[in-house]
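Some notes on the structure that comes next.
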Amino acid sequence: MTFVGKTPGPAGDSPEARRYNRVRRWLSFADFAVGVAFLIVLLATGWSGQLRDFAYRMGWQIYSVSVFLYLFFLLALAKALGFGLDYYAFALERRYKLSTQRIRAWLWDEAKGFLVALLLCTIVVELLYFTIREFPLHWWLLAWILFMMLFIALAQLAPIVLFPIFYKFDPLEDEDLRRRLTMLSERAGTRVRGVYRWKLSEKSTKANAALTGLGNTRRIILADTLLDNYSGDEIEAVLAHELGHHVHRHILKSIFVQAGVTFIGFWAANLALHYAVDHHMFEELSDFANLPLLVLVSSVISVLLMPLLNAYARFNERQADQYAFDSIESVEPFISSMTRLAGQNLAEKTPAKWVEWLFHSHPAVSRRIAAAEAFARTHHGGLGVH
Ligand SMILES: [Zn+2]
């Protein structure tokens, strides 16, 4: 890891970083294409109906058991189809020395990920077809409310139930950092319930930090790869940014945005289902062989809305950055931490504009640094003058 300096020029990205990010983008395209093709084939060939019949036979003709079996087959098939790409993504991280995981540990994570996905999808899909069966007229409104309740519960439980399945977390014990955080929090007139050391180094050489949880599980998590290698001032700048998310209530606002997006999603899903039933693709709404259609509709909607949601996320990131500039003494550690993080994570500091606009939830590092410099010029009379 090299310290690049505080003013990377437009040519600040190594060919290595360019290549790595280009391959990653192709991998997500491929992943999406394989998924969509799989769903379309299932629907067009009638295999979805055959899979449903098979699930009924295996599930003693019991509706909810058959729904579960159908979903299990669907997820298992999708996993098998996408496994090559998943492995390629892992090999890519290994090739660029960003992953420290061995194949066995990675396979174990894959297995755990599959089981977690199966559990969450089972809850969602069983609720979905329960509402369709019991309330065929307004199922999509009820399903939307239930889905949002589940989403909020999950946002709250994730830091204590979901993340520990994959990573270890310990309360931060560093006295200097705790003192810095207390001072930052007091200045903000708020309190974050905890700061946790996130053992990322077991799997990755990348560094990261995040604000997670809701209510009494809200916490800042800091990767050990950051804590062990960055200066106190740099970590404080990162903490100040995360505190900015907290002060601006970004998690709560994102939940409202999510509610809007899923409302559109369920509304469109209802239209698609009715269209399919009217055109005799399925006999009734509650025929769960139509699940691929629902997934297809929601995938297309999320891809279409992605640029908009990313723009919103970048707006929040800029707000958190501004908050950080305001609460730290000098923007220099912010700039150096950004530069170091980009280098360490092999991120593009100056991605192509369309790439940033379509895919990035964070503003380009070069822009974030430029914003910090602009702030310093207007507030501190230039860099380094406090
Ligand atoms: Zn952020």
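The values are calculated or read from the model by the stated rules, or taken from the named source; none is laboratory data. Quantities reported herein were computed from a predicted structural model and do not represent experimental measurements. With ideal geometry, Cβ positions are generated from the backbone for all residues, glycine too; neighbour counts draw on all protein chains shown. The area values use the complete protein model at the heavy-atom level, side chains included, leaving out ligands, DNA and RNA. Shrake-Rupley method; radii C 1.70, N 1.55, O 1.52, S 1.80 Å.
Quick notes on this one:
- Note on region 203-242 and region 332-371: Cα centroid distance 17 Å, given to the nearest whole angstrom.
- Computed on the Cα atoms alone, the convex hull of region 5-161 gives a volume of 202 cubic angstrom per residue.
- Nonpolar atom fraction for region 7-61, defined as the carbon and sulfur part of the 1.4 Å probe accessible area, stands at 64 percent.
- Charge context of T205, other residues only, Cβ under 15 angstrom, K/R +1, D/E -1: +3
- Normalised by the number of residues in the chain, the mean separation of alpha-carbon contacts (under 8 Å, six or more apart) gives a relative contact order of 21 percent.
- Among 176-184, 24-32, the order from most to least packed when residues are scored by Cβ within 10 Å on average: 176-184, 24-32
- Environment charge at A111 (Cβ cut-off 13 Å; Lys +1, Arg +1, Asp -1, Glu -1): 0
- Low-density loop positions, GluC sites (Glu not before Pro), region 277-332 - DSSP coil, at most 13 other Cβ in 10 Å: E283, E284, E329
- Of the accessible area of region 128-232, computed with a 1.4 Å probe over protein heavy atoms only, carbon and sulfur atoms account for 59 percent.
- Residues of the chain: accessible area per residue with a 1.4 Å probe, Å²: 52 Å²
- Start at zero, step by 10 Å, and the Cα-Cα distances of the chain spread as 4, 19, 29, 25, 15, 7, 1, 0 percent across the bins.
- Sparse packing (at most 15 other Cβ atoms within 10 Å of the Cβ) combined with a DSSP loop state is found for the following trypsin sites (Lys or Arg not before Pro) in region 30-113: K97, R102.
- Of K79/K253; K79/K349; K206/K353; K112/K206; K112/K349, pairs whose Cα-Cα distance is over 30 Å: K79/K253; K79/K349; K112/K349
- Percent carbon-and-sulfur accessible area, region 236-343, ignoring ligands, DNA and RNA, probe 1.4 Å: 66 percent
- Angle between the chain longest axis and helix 332-344 axis [Cα atoms, degrees, rounded to 10]: 50 degrees
- In the context of the full protein assembly, I132 retains an accessible surface of approximately 0 Å², using a probe radius of 1.4 Å and ignoring ligands and nucleic acids.
- Near G194: Cβ cut-off under 9 Å, other residues only, Lys/Arg at +1 and Asp/Glu at -1. The net charge is +3.
- When the alpha carbon coordinates of region 104-245 are projected onto the principal axes, the ranges are 58, 44, 18 Å, largest first.
- The GluC sites (Glu not before Pro) found in region 167-213 that occupy coil by DSSP, while having at most 15 further C-beta atoms within 10 Å, are E173.
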